[in-house]
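Each remark here refers to the structure printed beneath this line.
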Amino acid sequence: MRKRVLRMYRIVRKEVLNPAVKLMDIEAPRVAKSAKPGQFVILRIYEKGERIPLTIADYDPGKGTVTIVFQEVGKSTKLLGTLNEGDYIADFVGPLGNTMEVPKGAKKILGVGGGVGIPALYPKLKMLHQEGYRVEAILGGRSEEYVIFRKEMEAVCDKVYYATDDGTLGKKGFVTDVLKDVLENDKEVDFVITVGPVIMMKNVCKMTKEYNIPTIVSMNPLMVDGTGMCGACRIEVGGETKFVCMDGPIFDGHLVNFDLAMTRLNMFKKQEKISLELYEKEHGGGHHGR
Ligand code: FAD
Ligand code: FES
Ligand code: MG
């Protein structure tokens, strides 16, 4: 019997950005050709593996590569992190979802990013910078090493502010502490794009609502099929049910029900913990297998 060739997407670059976060360039020419800022891919490491949705952190249609940046939070992302340059993954489906649109007339755009949300902001800020918008960013994380993509962001932003929980980079505190200062002093910001932990996006939106500045967010609920069939990724936006895989991931942040989104994200915590414990018992948390 002929064996099916399953591993199709080559990892052409791997970088360790900090102890919890890795970057990979994946050879996926068709995805790279049609990708737009804000969109995501769903990958599977091996044929029977679980689907992992990840935001497109960059794309190079010339080289045919797509960049992903992922935090190792559980079984599947830890397994992905054990793969190396030259290894293949079975599935890499995309680009999926809608893109980040800036309203006509906006001139000064502020990006607010936290953790692995920072690379998700990057392609849009880069594009806006190339189009001549004034672009600034507030980036935050636990400590300096968790504020990734700084060099890339500084290259495409007119100004970058930082906030860290421990004060090792920029202001000690949250991105929202810096946001308050910026919005108080700069009346020209007319659009905000925020990507990061749900609690961060919730607080950013609460603040921009007070200042009446339109804001878009990128939602990251649990996804199972990614095709609008299973309902796993549903959220509430403006009182209506939306499927993030089909209607999102980008939404008007002032309309999203963040509290519901947070409850739903934690729905399978128990099962995820068991799955990770089994994986670590089998693999000692080290080399890769399946
Ligand atoms: P698990 O132990 O299974 O879960 C740990 C936590 O990860 C869960 O509590 C839940 O919060 C989340 N999670 C688990 N399974 C899924 C799933 N199927 N879909 C979504 N979230 C899940 N993470 C990044 O590090 N970088 C990104 O660029 C990124 N982009 C995303 C874009 C979208 C549109 C979505 C929906 C999610 C994105 N995520 C991203 C989250 C990432 O998909 C999850 O961290 C990953 O699937 C966790 O799998 P796991 O088995 O390692 O962890
Ligand atoms: Fe199943 Fe969106 S992931 S409906
Ligand atoms: Mg999992």
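The values are calculated or read from the model by the stated rules, or taken from the named source; none is laboratory data. As the structure is a prediction and not an experimental result, all values here were calculated from the model. FYI the Cβ positions are ideal-geometry reconstructions off the backbone, even for glycines, and counts take in every protein chain you see. The protein model used for the area step is the full one, side chains on, heavy atoms only, and it has no ligands, DNA or RNA in it. Shrake-Rupley method; radii C 1.70, N 1.55, O 1.52, S 1.80 Å.
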**Fill in**
Reported set for the stretch 75-105 where residues are within 16 Å of ligand 3 (Cβ to nearest atom) and either surrounded by fewer than 16 Cβ atoms within 10 Å (Cβ to Cβ) or of a type in the set (Lys, Arg) (or both) is Lys75, Lys78
**Asked** Considering only residues of the stretch 34-64 that are within 16 Å of ligand 3 (Cβ to nearest atom), part of a loop (DSSP other than H, G, I, E, B) and open to solvent by less than 50 Å² (accessible area, probe 1.4 Å), which is farthest from Ile118 (Cα to Cα)?
**Response** Gly49
**Prompt:** Does the stretch 218-241 contain at least one residue that is at pLDDT 95 or above and more than 26 Å from Asn266 (Cα to Cα)?
**Reply:** no
**Message:** Residue under question is Ile235, and the condition is that it be in contact with a helix residue (DSSP H, G or I) (Cβ under 6 Å, 6 or more places away or on another chain) and either hydrophobic (A, V, I, L, M, F, W, C) or away from ligand 2 (no atom under 14 Å from the Cβ) (or both); does it hold?
**Reply:** yes
**Message:** Quick check on Lys14: is it assigned to a strand (DSSP E or B) and surrounded by fewer than 20 Cβ atoms within 10 Å (Cβ to Cβ)?
**Reply:** yes
**Item:** Residues satisfying the stated conditions in the stretch 220-232, i.e. buried (at least 17 other Cβ atoms within 10 Å of the Cβ) and within 11 Å of ligand 2 (Cβ to nearest atom)
**Value:** Pro221, Met223, Gly226, Ala232
**Request:** Starting from the stretch 222-246, keep only residues that are without any contact (Cβ under 8 Å) to a residue 40 or more places away in the chain and assigned to a loop (DSSP other than H, G, I, E, B), then list their pairs with residues that are within 16 Å of ligand 3 (Cβ to nearest atom) and open to solvent by 60 Å² or more (accessible area, probe 1.4 Å) whose Cβ atoms are within a distance under 7 Å, requiring at least 6 positions of separation or different chains.
**Result:** Cys230/Val224; Ala232/Val224
**Request:** Exactly one condition in (1) within 15 Å of Gly113 (Cβ to Cβ); (2) open to solvent by less than 30 Å² (accessible area, probe 1.4 Å); (3) not in a helix (DSSP H, G or I) is not met by Cys205; state its number.
**Result:** (3)
**Request:** Give me the pairs, please: first residue somewhere in the stretch 247-262 and crowded, with 21+ Cβ neighbours inside 10 Å, second residue anywhere and among the hydroxyl-bearing types (Ser, Thr, Tyr), beta-carbon distance under 6 Å, and either six or more positions apart or on two chains.
**Result:** Pro249/Ser218; Ile250/Ser218; Gly253/Thr215
**Message:** Can you pull out every residue in the stretch 52-74 that is of a type outside the set (S, T, N, Q) and within 6 Å of ligand 1 (Cβ to nearest atom)?
**Reply:** Ile52, Pro53, Leu54, Val69, Phe70, Val73, Gly74
**Message:** Can you list the strands (runs of 3 or more DSSP E) lying wholly within the stretch 73-170 that have 1 or more residues being more than 24 Å from Lys14 (Cβ to Cβ) and in contact (Cβ under 8 Å) with a residue 12 or more places away in the chain?
**Reply:** 108-114, 134-141, 159-164
**Message:** Val198 - would you say it is modelled with pLDDT of 90 or more and away from ligand 1 (no atom under 15 Å from the Cβ)?
**Reply:** no
**Request:** Could you list, in sequence order, all residues of the stretch 171-202 that are touching a helix residue (DSSP H, G or I) at 6+ places or on another chain (Cβ under 8 Å) and open to solvent by 50 Å² or more (accessible area, probe 1.4 Å)?
**Result:** Lys171, Phe174, Lys180, Pro197, Ile199, Lys202
**Prompt:** Just to be sure, is Thr227 more than 10 Å from ligand 1 (Cβ to nearest atom), more than 25 Å from Ser76 (Cβ to Cβ) and polar (S, T, N, Q)?
**Reply:** no
